[in-house]
Amino acid sequence: MTSVLIVDDQPLQRYGFHLLLDSVPETDVVGEAAHGAEAVRKAAELRPDVVLMDVRMPGMDGIEATRRIVAAGGRSRILVLTTFDLDEYVHAAIRAGASGFLLKDARPEELLAGIRAVAVGDAVIAPALTRRLLDEFAQYVPSHRTEPSEDPRLTALTDREREILVAIGKGWTNGEIAARFVLSESTVKTHVGRVLTKIGARDRIQAVIFAYDHGLARPSVD
């Protein structure tokens with residue numbers, strides 16, 4: 001069973017999420033919070049598997065709450081819920097350590113699937129969607145690097161692992177990577193795991209951000 005902490009300043013929104021999560025046997029709502037400071041406190045107290053995190057809230061917002069929860073080093077993973085008009089906040093939340101994000105108008109089954117994915121350490125957003133959204137976020141991605149930097153984490157990668165990281169940055173699925181490099185999907189999964197470990201990324205989304213920041217991936221110009 002996956003334990004969940006719901007964070008949103010709107011009581012009706014919290015109630016709706018609670019009803020949905022109570023309707024399935026694999027999730028257990030262990031608490032609710034109406035603002036960021038309360039979320040940080042309850043995450044430390046309740047140690048939920050997943051925190052459903054709103055972004056804009058009075059007082060401490062969801063970005064700062066995410067940063068503090070992740071920095072505390074607990075097991076809780078953050079799933080940000082937002083809307084398309086908050087792109088800059090979403091990008092900041094991912095940088096703060098969120099494991100992914102969904103739109104607040106996502107279908108119930110999408111939200112439940114997202115919670116399951118985050119709980120096991122995966123990214124919520126499908127790679128193809130990650131690529132498209134990161135193209136939209138291009139204005140928020142640092143643009144001062146024109147060539148890949150020689151970060152020690154990059155030099156620790158093997159040639160194959162670096163190729164895999166570039167492919168992740170392009171938004172390729174494991175299946176696409178396997179086909180491109182003539183590998184089995186299980187082998188690709190192993191490589192992806194090693195890449196995440198070496199660059200210190202919590203999940204695939206963090207790896208995409210890392211690839212963008214280090215000049216290994218760039219927004220499309222189509």
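Once the whole set of protein chains is in place, how much accessible area is left on Arg75, using a 1.4 Å probe, in Å² to the nearest 10?
Number for this one is 130 Å².
Length gain on complete extension for the stretch Leu12 to Arg75, per 0.36 nm per residue less the alpha carbon to alpha carbon distance?
So the chain would gain 19.9 nm between Leu12 and Arg75.
If you take the Cα Rg of the stretch 152-214 and divide it by 2.2 N^0.38 Å, with N the number of residues, what do you get?
For the stretch 152-214, the normalised Cα radius of gyration is 0.98.
Roughly how many Å² of Thr197 are accessible to a 1.4 Å probe, to the nearest 10?
We get 110 Å² for Thr197.
Under the √(5λ) rule applied to the eigenvalues of the Cα gyration tensor, what semi-axes describe the equivalent ellipsoid of the stretch 1-117? Give them in Å, descending.
19, 16, 13
With each pseudo-label sitting 7 Å past Cα toward Cβ, what's the Asp151-Glu185 distance in nm, one decimal?
2.8
For Glu26 and Asp105, compute 0.36 nm times the residue count separating them, minus their Cα-Cα distance, and round to one decimal in nm.
Separation in residues times 0.36 nm, less the Cα-Cα distance, equals 26.3 nm.
The values are calculated or read from the model by the stated rules, or taken from the named source; none is laboratory data. Since we're looking at a predicted model, the values are computed, not measured. As a convention, Cβ positions derive from the backbone with ideal geometry for all residues, glycine included, and neighbour counts pool all protein chains shown. These area figures cover heavy atoms from the full protein model, side chains too; ligands, DNA and RNA do not enter into them. Shrake-Rupley method; radii C 1.70, N 1.55, O 1.52, S 1.80 Å.
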